[in-house]
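Student: Structure below; questions to follow.
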Amino acid sequence: MTASNSVTERNWFGVLPRTWAATPLKYLASFLPGGTPDTDNSQYWSSDHEIPWVAVGDMSGRVEVTQTKKALTTLGMQSKRLQVGDPGTILFAMYASVGEVAVLATTATWNQAILGIRSHEDICRTMYLYYFLTTLKNVLPLLYRSNTQNNLNADQVENLVVPLPPTALQDDIIRFLDRETAKIDALVAKQEQLIATLQEDRIATITQAVTKGLRKESCEVSKTPYLDSHPKSWVPTKLKYHASVQTGITLGKSAEVDRSVALPYLRVANVQAGSVNLAEVKELAVNRSDVSSYLLRAGDVLMTEGGDIDKLGRGCVWNGEIDPCIHQNHIFAVRCGESLTSKFLVYLLETAHARDYFMLTAKKTTNLASTNSTTLKALPIALPTVLEQAEIVEFLDGRADRFKQLTSAAAAIIERLREYRAALITDAVTGKIDLREMV
């Protein structure tokens, strides 16, 4: 083990303190590959978390049994000759979010995108190695930039160079980082709680305005299922009487080459709550005779048919940003009539009332849910006049700007804290901080 004297792709941290050594990871740990048994074989997969099986999506700090979505049976383990990682095993993602790092807090195994690392504690402390590996996300592209895909293999991970101080100093670094990162994490948690509170307040404000109005008008209990009390002057009704619902084109539907045209189309990823994300818009070939059936119009309210449960029914107004443009079948285009304004409907979709309706009527699977046009049309609503809808929208637009400002400020603080946390860890594990008076 020799000290580093230069900066290279394998050794990005440059010159180390005299007592430190730049050492390939393969000399500091042993490695356990992962794998995925046949997903169609029910004998390989356990419903009672027999042996927790970790995917990259489960990795976040420390992985516990409750964080994993799947588990294997002993037979499933044997089918891929998988080994079990004990608590303290470091998990390192080689692809699918390259460089994600976690430490097992339970006995588990993992998939092929992850490499298990067991540190040799007498040479390299587990938590010191964990902290070091968390610093690599911005450095790893140097290693895989010549690959056709952004991923690493086990050999590249094993040859990562680790800046290695004496074990006593490693212990000091761990204590220092445990203490300081805990302080930073607590500050981040407060800002995250603030954002969550702002979101709750925002939904409460929208719900109050869109279902009770801005005026102190007496309310009456609705006789319509799923509909709460509403101002007496408002009309209890259903969406289908005030809007039409256009369904989109099914992907994979064949188009005649000589009679088709390629058009931009919106996917579920393009439709956010309150806004359209046009960062990536794909094209789709569609028969010219079918275009009018799927064509979007400015003022349409775009709604998602399904996906993550918390995103079901999210909506936004389409302002004709791309013309012409069509939409796929997992997005509804709701076209409002004269008695309902598009922006009022979008706010209505964000209310607790609408969220509850879609949750109670949705077809659900694990973490996913979907609705259909019939259910959407049957959405119970209480409508004020168009003039009052405009007043409510103006009020909520003003409040939305304030919520957005406060949320953006909190998010910026979180970003700065995380940048400081990352820099602190990097400086500590590369010898740039003198810890003699800090631990």
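Student: Condition (residue is within 17 Å of Leu302 (Cβ to Cβ), at pLDDT 90 or above and of a type outside the set (A, V, I, L, M)) applied to region 267-276: is it met by at least one residue?
Tutor: Applying the first criterion (within 17 Å of Leu302 (Cβ to Cβ)) to region 267-276 yields 267-276.
Applying the additional criterion that residues be at pLDDT 90 or above yields none.
Scanning region 267-276 turns up no residue that is within 17 Å of Leu302 (Cβ to Cβ), at pLDDT 90 or above and of a type outside the set (A, V, I, L, M).
Student: Looking at region 223-236, which of its residues are more than 18 Å from Arg355 (Cα to Cα) and hydroxyl-bearing (Ser, Thr, Tyr)?
Tutor: Selection gives Ser233 alone.
Student: Ok, one more. Determine if region 103-112 includes at least one residue that is touching a helix residue (DSSP H, G or I) at 6+ places or on another chain (Cβ under 7 Å), more than 19 Å from Thr430 (Cα to Cα), among the β-branched types (Val, Ile, Thr) and open to solvent by 20 Å² or more (accessible area, probe 1.4 Å). Write out each step before concluding.
Tutor: Residues of region 103-112 touching a helix residue (DSSP H, G or I) at 6+ places or on another chain (Cβ under 7 Å): 103, 106, 109.
Still in the list and also more than 19 Å from Thr430 (Cα to Cα): 103, 106, 109.
Now restrict to residues that are among the β-branched types (Val, Ile, Thr): 103, 106, 109.
Next, from what is left, pick out any that are open to solvent by 20 Å² or more (accessible area, probe 1.4 Å): 106.
Yes, region 103-112 contains a residue that is touching a helix residue (DSSP H, G or I) at 6+ places or on another chain (Cβ under 7 Å), more than 19 Å from Thr430 (Cα to Cα), among the β-branched types (Val, Ile, Thr) and open to solvent by 20 Å² or more (accessible area, probe 1.4 Å).
Student: Pairs please, first residue from region 178-189 and over 19 Å from Ala409 (Cβ atoms), second anywhere and open to solvent by less than 50 Å² (accessible area, probe 1.4 Å), Cβ atoms under 8 Å, 6+ apart in sequence or on different chains.
Tutor: Partner pairs satisfying both residue conditions: Glu180/Leu424; Thr181/Leu424; Thr181/Ile425.
Student: Check region 46-60 and report whether any residue there is closer than 30 Å to Pro165 by Cα and not aliphatic (A, V, I, L, M).
Tutor: Scanning region 46-60, I find at least one residue that is closer than 30 Å to Pro165 by Cα and not aliphatic (A, V, I, L, M), so the answer is yes.
Student: Mind checking which helices (runs of 4 or more DSSP H) fall wholly inside region 288-393 and carry at least 1 residues that are over 18 Å from Ile249 (Cβ atoms) and of a type in the set (S, T, N, Q)?
Tutor: On the way: elements: 291-294, 342-349, 352-361, 373-377.
Where helices (runs of 4 or more DSSP H) fall fully within region 288-393 and carry at least 1 residues being over 18 Å from Ile249 (Cβ atoms) and of a type in the set (S, T, N, Q), they are 342-349, 352-361, 373-377.
Student: What number of residues within region 216-232 are without any contact (Cβ under 8 Å) to a residue 40 or more places away in the chain and either part of a helix (DSSP H, G or I) or closer than 19 Å to Gln389 by Cβ (or both)? Show your work before the answer.
Tutor: Applying the first criterion (without any contact (Cβ under 8 Å) to a residue 40 or more places away in the chain) to region 216-232 yields 216-221, 223, 229, 232.
Next, from what is left, pick out any that are either part of a helix (DSSP H, G or I) or closer than 19 Å to Gln389 by Cβ (or both): 216-217, 219, 229, 232.
So the answer is 5.
Student: Turning to a different aspect of this structure: Here's a check for you: in region 374-394, which residue that is touching a helix residue (DSSP H, G or I) at 6+ places or on another chain (Cβ under 6 Å) and modelled with pLDDT of 95 or more is most open to solvent (accessible area, probe 1.4 Å)?
Tutor: In this case the residue turns out to be Val393.
Student: What is the one condition in (1) aliphatic (A, V, I, L, M); (2) within 22 Å of Met127 (Cβ to Cβ); (3) open to solvent by less than 40 Å² (accessible area, probe 1.4 Å); (4) more than 20 Å from the chain's Cα centre (by Cα) that Val65 does not satisfy?
Tutor: Of everything listed in (1) aliphatic (A, V, I, L, M); (2) within 22 Å of Met127 (Cβ to Cβ); (3) open to solvent by less than 40 Å² (accessible area, probe 1.4 Å); (4) more than 20 Å from the chain's Cα centre (by Cα), Val65 misses just condition (3).
Student: So, one more: Within region 12-47, how many residues turn out to be under 18 Å from Thr126 (Cα atoms) and in a loop (DSSP other than H, G, I, E, B)?
Tutor: Going through region 12-47 one residue at a time, the tally reaches 2.
The values are calculated or read from the model by the stated rules, or taken from the named source; none is laboratory data. Bear in mind the structure is a predicted one, so any value in this text is a computation, not a measurement. Backbone-built Cβ (ideal geometry, glycine too); neighbour counts: all protein chains shown. Ligands, DNA and RNA are excluded from the accessible area calculation, which covers all protein heavy atoms including side chains. Shrake-Rupley method; radii C 1.70, N 1.55, O 1.52, S 1.80 Å.
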